[in-house]
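Each value in this text was obtained by applying a stated rule to the coordinates, not by laboratory testing. Computed from a predicted model, the values in this text were never measured in an experiment. Here the Cβ is made from the backbone with ideal geometry for all residues, glycine too, and neighbour counts use every protein chain on show.
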Amino acid sequence: MDRTAPPAPSDAPAPQTPVCDAAVPDVAGLLDGMPRQRERCVTGPAETPVTPRATATADPRLRVPRLQRLLPTPTGTPFTFGYGAVLALVSLVAAHLDPALVHALHQGSSTDVVHLVRTPVLVMVASAWWIAGGILSPYALALLFVLTALERRIGGVRTAGVFLLGHVGATLATEVPTGLAVLVGHLPASSLHRLDYGVSFGVAASLGALAGLLGPWLRWPLLALFGWLLVIDLIAFTDPLTDWGHPIALAIGVATWPLVRRWYRARQLLPAG
């Protein structure tokens, strides 16, 4: 019976684990005087080198705040962009007109009792084209950011509806009692012609509606801060009807929470595209 002789030892060197350069981080810029070091790679079943998986690097775009979403755009927020552009244009033109002419235009656009009785729709629309205090007033800046955030969540038509609801609702809630007070003799007849225009009621209602779509950590501080500013205005008592109109408009916005939340959920279900 033949015996099989063991294989003769081979003079060839034993296979070595391949070395990879790709897995070594480039530190030449940090250690100029040291050559690049080499590390061993892990081999797969077929003795093929397997390059270690590189550590995933964060997308640099994620580290940059998406500030563009805070501002209106023609395609993303067409209502806010168009309305804001018209308000800016009106304010710039008014800044170069004769002050007497601008005052006459304000009076013609005022939502006072007399105008509301004669041309209610006209003055409701016309009064919303002016910004009391100018284009850099706090309510002008609030309009830009609040309407943008609200429109991105519920859409342009519904945002316009919330704004109009606050504008009209708070105006009627302050002017109708004024007319009744004049009628029964509690206020002078001059109160029927008080100057009342601007976007502040609509902005206050939109802010109240937007708060219902925010998380609690942002919703309640926002409402508390804005409410405190309104209380300060009421304490100052410089323009009682307007100062009372702002809390009313805010309450109108808060009352729309069930509606705007339903709109927001419905919008989330729409297919992207």
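Here the gap between residue 107 and residue 190, fully extended at 0.36 nm per residue and compared with their Cα-Cα distance, gives a gain of 28.5 nm.
The length gained by stretching the chain between residue 92 and residue 222 to full extension, at 0.36 nm per residue less their Cα-Cα distance, is 43.8 nm.
Rank by packing, highest mean first: peptides 95-102, 168-175, 210-217, with packing defined as the count of other Cβ atoms within 10 Å averaged across residues. Don't skip to the answer; put the middle values down first.
Working: 95-102: 9.9, 168-175: 21.6, 210-217: 15.2.
In decreasing order of mean packing, 95-102, 168-175, 210-217 become 168-175, 210-217, 95-102.
Evaluated with a Cβ-only charge set (Lys, Arg +1; Asp, Glu -1), the range 110-210 carries a dipole of roughly 220 debye about its Cα centre, given to the nearest 20. Proximity of backbone amide H atoms, modeled 1.01 Å from N, is registered between residue 212 and no other residue at under 5 Å, excluding neighbours fewer than 5 places apart on the same chain.
Phi-derived couplings, Karplus 6.51 cos²θ - 1.76 cosθ + 1.60 at θ = phi - 60°, listed residue by residue for the range 222-237: 5, 5, 5, 5, 5, x, 5, 5, 5, 5, 4, 5, 5, 5, 5, 6 Hz, with x used for Gly and Pro. Taking the range 158-210 as the region of interest, what is the percent of Cα-Cα pairs per 5 angstrom bin, listed from the shortest bin to the one with the maximum distance? The percentages, shortest bin first, are 5, 20, 24, 17, 14, 11, 7, 3, 0.
Would you work out the Kirkwood radius for the range 162-273? I mean one over the mean of 1/r across all pairs of different Cα atoms, in Å. By the Kirkwood definition, the hydrodynamic radius is 15.4 Å.
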